[in-house]
Every structure is written in structure tokens, then in C-alpha cells.
Amino acid sequence: MSLSQREIARYLGYGTAPLPAQVVHYAQQCEAELTAAVTPRSLGRRLSRSLFAGQSRDLDHHLRHCQEAILYAVTLGAEADRLLRRWGAQNMAKAAVGQAVCATWLDALCADYCAALLPELEPGVFLTAPFSPGYGDWPLEAQRQVLSFLDAPRRLGLTLTTGGMLAPEKSVTALVGLSDRPEEHCGQRCMRCNKSDCPFRAGT
């Protein structure tokens, strides 16, 4: 794995400033330990857009030119959570960098998953940007339905805590629409998000 230092810096709040040498060192340590211990897993399912209609105005707008969508989940698994807990007990600075490294890795894995879908699409079909529970007005409570549609507890060991958060923590679920409009295709998820003050907004 070779992750973008720019993305790690963004998650740590450095913006476009270069990372300090100690942070780079921690990032390299975390990458090496994660690579040795973690096997990412993913799964997806093609579904009718109607299954999600009316849950969220933002999601309805996002999928307005779609009849179908692909729902997917990506997880780093329980071992990533264990490493983060260990780093937190040993070195809080390293743990903070580890959180950013995990987030950057998940972003890259999701991008790779979507890229792998492209050769399988019919001519004239385009993927929208991903949209996850918790984005806009799509409530986090939708995760329960998402995991059920994917059979994720059985197939990935991906469940919800009593507080409604994903477990393992370092996991992502998202929906990408299958649109007939080429302008809908968007590899940069932040370009279509209207939360311009988000501290984690990617540069364009």
C-alpha cells in the first residue's frame, strides 16, 4: 500500500501544508503495521433505486437520473480497530495519524472498488459519485437497511453498535447510482457535496 500524504495531511487538518517529519514517520509506521495485519474486504449488490426512494431528499436528487444503483461495503476489519486501540494506549499522536491513515486507505479502496465496476457497465451507463448514510439528510439509521440488503453481518462480519455506528469501525458503506447521463460521472465525491465548510473537504 502506498497512500497519498496529501490525503493523510487533509484528514489531520494540515490542508496543503507539508507534513512534519515526525508525522511522516508515524504514517509510515502505521502503513507498515496495517499492511502486515489487515486484509480489506468488500462486497456489493446491484439494486433498484426505488428501494431507497423517499428516504432522503438529497439522495433522491443524487439519483434523479438513475433507475438502479450499486450498494457496496468496504471494511478494513477488526484488526485495524485493534491496532488503533493499541496505538491509542501507547502513543496518542501515533493513534491520531493512524486514524488518518485508515481513512485515507478506505477512501482509496472505495475508489478502487468503483473503478473495478466500470468495465462491467453497459454502454451508456455511468457511475455517480458515492453517497453514504449520514451524507446530507440521508440518516445514519439507514445503515441497518444497507447492511441487511448486503447481508453484510454474515458475509463481512460488518454490524452496527447499539449507537448505530459501523463495527468494525474502519468500514464504509455507500451507494453509487447507474446514470444515463455522462455528466453525472464524478470521481471526486466532494465536488457534488454542498457542505463547503467541511473540514475534510478534498481539494479540486
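Does the stretch 40-47 include one or more residues that are within 19 Å of residue 152 (Cβ to Cβ), surrounded by 14 or more Cβ atoms within 10 Å (Cβ to Cβ) and without any contact (Cβ under 8 Å) to a residue 60 or more places away in the chain?
Checking the stretch 40-47: not a single residue is within 19 Å of residue 152 (Cβ to Cβ), surrounded by 14 or more Cβ atoms within 10 Å (Cβ to Cβ) and without any contact (Cβ under 8 Å) to a residue 60 or more places away in the chain.
Output the number of residues of the stretch 99-146 satisfying the condition of being of a type outside the set (A, V, I, L, M), under 22 Å from residue 65 (Cβ atoms) and under 17 Å from the mean Cα position of the chain (by Cα).
Initial filter on the stretch 99-146 (of a type outside the set (A, V, I, L, M)): 99, 102, 104-105, 107, 110, 112-114, 119-120, 122-124, 126, 128, 130-139, 141, 143-145.
Add one more test, that the residue is under 22 Å from residue 65 (Cβ atoms), and what stays is 110, 113-114, 119-120, 122-124, 126, 128, 130-133, 135-138.
When the remaining residues are screened for being under 17 Å from the mean Cα position of the chain (by Cα), the result is 110, 113-114, 128, 130-133, 135-136, 138.
Final tally of qualifying residues: 11.
Of the numbered conditions (1) part of a helix (DSSP H, G or I); (2) open to solvent by 30 Å² or more (accessible area, probe 1.4 Å), residue 97 fails exactly one; give the number of that condition.
Of (1) part of a helix (DSSP H, G or I); (2) open to solvent by 30 Å² or more (accessible area, probe 1.4 Å), only one is false for residue 97: (2).
Can you tell me which of (1) closer than 16 Å to residue 99 by Cβ; (2) in contact with a helix residue (DSSP H, G or I) (Cβ under 8 Å, 6 or more places away or on another chain); (3) assigned to a helix (DSSP H, G or I) is the one residue 51 doesn't meet?
In the conditions (1) closer than 16 Å to residue 99 by Cβ; (2) in contact with a helix residue (DSSP H, G or I) (Cβ under 8 Å, 6 or more places away or on another chain); (3) assigned to a helix (DSSP H, G or I), residue 51 misses (1) alone.
Based on what the data block shows, is residue 34 without any contact (Cβ under 8 Å) to a residue 40 or more places away in the chain, farther than 25 Å from residue 126 by Cα and either open to solvent by less than 70 Å² (accessible area, probe 1.4 Å) or part of a helix (DSSP H, G or I) (or both)?
On the way: without any contact (Cβ under 8 Å) to a residue 40 or more places away in the chain: no; farther than 25 Å from residue 126 by Cα: yes; either open to solvent by less than 70 Å² (accessible area, probe 1.4 Å) or part of a helix (DSSP H, G or I) (or both): yes.
Taking the combined requirement at face value, the residue does not satisfy it.
Applying the selection to the stretch 109-150, what residues are aromatic (Phe, Trp, Tyr) and open to solvent by less than 30 Å² (accessible area, probe 1.4 Å)?
Residues of the stretch 109-150 aromatic (Phe, Trp, Tyr): 113, 126, 131, 135, 138, 149.
Across the stretch 109-150, the qualifying residues are 131, 138.
If you go through the stretch 14-37 one residue at a time, how many are modelled with pLDDT under 95 and among the small types (Gly, Ala, Ser)?
Summing the residues that are modelled with pLDDT under 95 and among the small types (Gly, Ala, Ser) in the stretch 14-37 gives 2.
For the stretch 113-130, give me each residue that is touching a residue at least 12 places away in the same chain (Cβ under 8 Å) and in a loop (DSSP other than H, G, I, E, B).
If the condition is that a residue be touching a residue at least 12 places away in the same chain (Cβ under 8 Å) and in a loop (DSSP other than H, G, I, E, B), then 121, 124, 125, 128, 129, 130 are the ones that fit.
Has the stretch 65-72 got any residue that is modelled with pLDDT of 95 or more, outside any helix (DSSP H, G or I) and in contact with a Pro (Cβ under 7 Å, 6 or more places away or on another chain)?
No: the stretch 65-72 contains no residue that is modelled with pLDDT of 95 or more, outside any helix (DSSP H, G or I) and in contact with a Pro (Cβ under 7 Å, 6 or more places away or on another chain).
Hey, among 129, 142, 108, 115, which residue is in contact with a helix residue (DSSP H, G or I) (Cβ under 6 Å, 6 or more places away or on another chain) and of a type outside the set (Lys, Arg)?
129
The values are calculated or read from the model by the stated rules, or taken from the named source; none is laboratory data. If you're wondering where the values come from, they're calculated on a predicted model, not measured in any experiment. Using ideal geometry, Cβ is built from the backbone for each residue, glycine included, and neighbour counts are taken over all protein chains shown. Please note that ligands, DNA and RNA were not included when accessible areas were found on the heavy atoms of the full protein model with its side chains. Shrake-Rupley method; radii C 1.70, N 1.55, O 1.52, S 1.80 Å.
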